[in-house]
Amino acid sequence: MSAPPALCVPLRDGYVLRSATPDDAPALAATVRSNRAHLAPWEPVRTAEYFTDDAQRARLVDRAAADAAGRSITALVVGADGAVAGSLNVNDVVAGAYRNGHLGYWLAADHTGRGLMTRAVDAVCAYARDALGLHQVQAATLLHNEASQAVLRRAGFSRIGLARDYLFIAGRWQDHLLFQRILSEAPPPS
Ligand SMILES: CC(C)(COP(=O)(O)OP(=O)(O)OC[C@H]1O[C@@H](n2cnc3c(N)ncnc32)[C@H](O)[C@@H]1OP(=O)(O)O)[C@@H](O)C(=O)NCCC(=O)NCCS
């Protein structure tokens, strides 16, 4: 399979959703550093190294290889000034009878409340369908993450159900609500 095309979609007010590259590491690291407290309740516990430019570059290099092989999607919401405002990932892409990927995302605190993530999630779903041929995308939120659940509802996801002790977030196994969006009814390629 040839590498999927790059993702690049205008969102609003000069913000763009585009594929990440290793050269985004310094801007991404700056944003994760300044949003450490904002993101901590919703993520795995991060090591100190995670917040360095070098660690972000290594992560983006690994992800670029997986993206090129069609196993994941790594995208950033970037402002007109070049600052990273948010991140979206589709992980665990599988083919066969499932054709599913798992979606995760975050916005920097000073970029929330403008509808950016709703548009970005919708755009990444269209890309997952058109570039990777996925049938569905699934997402999981903590039970009290109402902002994230609202994003998923606005972006056309429906609730699957409650999964006990689903992910190790903020230092403990936590229950999650699972959501799915069906992207295409086309049968898998034979
Ligand atoms: C989850 C998260 C991305 C949601 O951010 P958000 O700003 O609420 O989502 P959006 O960018 O879609 O913006 C929606 C808000 O903009 C408003 N808005 C303005 N214009 C809008 C438009 N054209 N379309 C949609 N919403 C719009 C909405 O009313 C909503 O505001 P409200 O929450 O006051 O009702 C953010 O809270 C976050 O990053 N949290 C920490 C990490 C996290 O939880 N990640 C997800 C883990 S499952």
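Taking the mean number of other Cβ atoms within 10 Å as a proxy for protection, how do you rank 69-79, 36-46, 89-99 from highest to lowest?
The packing order, highest mean first, is 69-79, 89-99, 36-46.
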Please give the peptides 8-19, 130-141 ranked by average Cβ packing (other Cβ atoms within 10 Å per residue), highest first, as a rough proxy for protection. 130-141, 8-19
Take each complete run of DSSP H in the chain, measure how far its Cα atoms stretch along the helix's own axis, and keep only those covering 20 Å or more with mean Kyte-Doolittle hydropathy at least -1.0; list them. 53-68, 116-132
Test of understanding: what is the full-extension gain from R164 to A40, defined as 0.36 nm times their sequence separation minus their Cα-Cα distance? 42.6 nm
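Applying 1/(1 + (r/R0)^6) with R0 = 41 Å to the Cβ-Cβ distance of A109 and A186, what FRET efficiency is obtained, to the nearest 0.05?
Approximately 0.55, to the nearest 0.05.
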Local electrostatic count, A80, Cβ distance below 14 Å [Lys/Arg +1, Asp/Glu -1]: +1
Tell me, what ³J(HN,Hα) does each residue in region 78-85 have, in order and in whole Hz, if you take phi through Karplus 6.51 cos²θ - 1.76 cosθ + 1.60 with θ = phi - 60° and put x for Gly and Pro? 10, x, 4, 8, x, 6, 7, 9
Taking Cα pairs closer than 8 Å and at least 6 residues apart, the relative contact order of region 8-182 in percent is 20 percent
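The numbers here are math on the coordinates, done by the rules we state, and not lab data. Worth saying up front: this structure is predicted, and the values here are computed from it rather than measured. Neighbour counts run over all protein chains shown; Cβ positions are idealised from the backbone, glycine included.
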